[in-house]
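Visitor: The structure's right below; bear with me while I get my questions together.
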Amino acid sequence: MSDQKLNIESRITLLGAGPGDPDLLTLKGVKALQTADVVLYDALTNEALLEHAPAEAIKVYVGKRSGEHSYPQDTINKLMIDYALNYGHVVRLKGGDPFVFGRGYEELDYAASYSIPVSVIPGISSSIGVPGLQQIPVTHRGMSESFWVITGTTTSGEVSADIYQAAQSNATVVVLMGLKKLPKIVEIFKAAGKHHLPTAVVQNGSAEDERLVVGVVETIESLVQQENIKAPALLIFGEVVSLHPSFKNLIKQYASIA
Ligand code: SAH
């Protein structure tokens with residue numbers, strides 16, 4: 001082992017990159033990137049963020065987007081350890097917040113098993129930030145007292161069983177990884193009698209090509225089809241969606257037809 005290698009201080013930072021707009025990274029995140037020896041980044045992180053890292057830092061894309069070739073989680077864990085042991089500070093850049101459907105804890109746990117110190121820098125999760133950028137609050141006094149963030153695609157490939165319960169509640173329901181499961185999710189909300197519940201779908205929130213459709217449970221599927229909405233996208237079900245300006249226009253349109 002060379003002298004240089006003996007001086008290596010291995011550590012890992014799990015860094016939340018935010019929903020996409022590179023300006024939505026925290027200041028603490030910028031500082032972490034500035035001291036990175038290696039950056040391992042996912043598909044849902046903006047490559048512009050890599051500019052905060054030193055030019056000589058190693059930058060490795062580890063993929064992860066449905067339908068695309070990506071490294072298995074196991075390989076990512078091993079790469080992270082390998083780079084930390086050989087180069088020092090590894091910044092593991094993850095979309096949104098590392099602990100919201102980000103498998104962040106698995107990486108933290110794996111690093112701990114090698115006694116490599118890990119610090120966590122939270123990020124703005126798409127689940128709250130993307131509705132917020134559209135001026136859709138996930139809670140609103142007198143309208144929504146809570147919100148659920150649920151996966152549309154569990155490990156077994158099914159929608160989460162929690163959606164059945166959430167659809168019965170008055171909460172705002174945000175579904176991640178749910179676009180492909182929209183027909184099933186709509187069916188669940190209809191079975192709960194929520195045909196007219198305001199609903200929005202946002203594609204690529206906070207990015208320049210952000211797109212949004214707004215309707216109600218029974219119209220949202222055809223709107224998504226018409227507008228050809230694609231992943232990454234999230235679904236928002238709840239009265240709070242009625243606060244969006246385009247929902248107000250929709251009501252006006254209906255009123256003028258009736
Ligand atoms: N840890 C991330 C979520 C990872 S799961 C976070 O906190 O945001 C990936 C899913 O998040 C995507 O399938 C999509 O449903 C949602 N998502 C992430 N970024 C998004 C964005 N910019 N716009 C819309 N949905 C997004």
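Visitor: Of all residues in region 175-195, which are more than 9 Å from the ligand (Cβ to nearest atom) and under 29 Å from D23 (Cβ atoms)? Before the answer, list the steps.
Guide: Our first condition is that a residue be more than 9 Å from the ligand (Cβ to nearest atom); within region 175-195, this holds for 180-195.
Residues satisfying the conditions do not exist here.
Visitor: Further, regarding this structure: Scan region 152-195 for residues that are closer than 15 Å to F101 by Cα, touching a strand residue (DSSP E or B) at 6+ places or on another chain (Cβ under 7 Å) and either part of a loop (DSSP other than H, G, I, E, B) or of a type outside the set (A, V, I, L, M, F, W, C) (or both) and jot them down.
Guide: Within region 152-195, G152, S160, D162, M177, G178 qualify.
Visitor: List pairs: first residue in region 98-112 and of a type in the set (A, V, I, L, M, F, W, C), second residue away from the ligand (no atom under 13 Å from the Cβ) anywhere in the structure, Cβ distance under 7 angstrom, at least six positions apart or on different chains.
Guide: From residues that are of a type in the set (A, V, I, L, M, F, W, C), the pairs are L108/V118; A111/I12; A111/M80; A111/I81; A111/V118; A112/V118.
Visitor: Out of A171, A167, A161, which single residue is crowded, with 21+ Cβ neighbours inside 10 Å and over 17 Å from the mean Cα position of the chain (by Cα)?
Guide: On the way: A171 fails: crowded, with 21+ Cβ neighbours inside 10 Å; A161 fails: crowded, with 21+ Cβ neighbours inside 10 Å.
So the residue among A171, A167, A161 that is crowded, with 21+ Cβ neighbours inside 10 Å and over 17 Å from the mean Cα position of the chain (by Cα) is A167.
Visitor: Within region 208-230, track down each residue that is modelled with pLDDT of 95 or more and not in a helix (DSSP H, G or I). Quick ask: steps written out before the conclusion?
Guide: Pass one, region 208-230, residues modelled with pLDDT of 95 or more: 210-230.
Matches in region 208-230: E210, R211, L212, V213, V214, G215, V216, E227, N228, I229, K230.
Visitor: Cβ-Cβ below 8 Å, separation at least six or inter-chain, first residue in region 215-233 and in the same structural domain as K184 (by TED's automatic domain parsing), second among the aromatic types (F, W, Y) and outside any strand (DSSP E or B): which pairs?
Guide: Between residues of region 215-233 that are in the same structural domain as K184 (by TED's automatic domain parsing) and residues that are among the aromatic types (F, W, Y) and outside any strand (DSSP E or B), the close pairs are V217/F189.
Visitor: Could I ask something else about it? For the condition buried (at least 23 other Cβ atoms within 10 Å of the Cβ) and closer than 24 Å to H140 by Cβ, what is the one hit in P245, P198? Break it down stepwise before answering.
Guide: On the way: P245 fails: buried (at least 23 other Cβ atoms within 10 Å of the Cβ).
The conditions single out P198.
Visitor: Whether any residue in region 196-211 is over 27 Å from G20 (Cα atoms) and more than 16 Å from the ligand (Cβ to nearest atom) is what I want to check.
Guide: In the first step, residues of region 196-211 are kept if they are over 27 Å from G20 (Cα atoms); the result is 196-197.
Narrowing the set further to residues that are more than 16 Å from the ligand (Cβ to nearest atom) leaves 196-197.
Yes; the residues of region 196-211 include at least one that is over 27 Å from G20 (Cα atoms) and more than 16 Å from the ligand (Cβ to nearest atom).
The values are calculated or read from the model by the stated rules, or taken from the named source; none is laboratory data. Owing to the predicted nature of the structure, the values given are computational and were not obtained by experimental measurement. Reconstructed Cβ throughout: ideal geometry from the backbone, glycine too, with neighbour counts over all protein chains shown.
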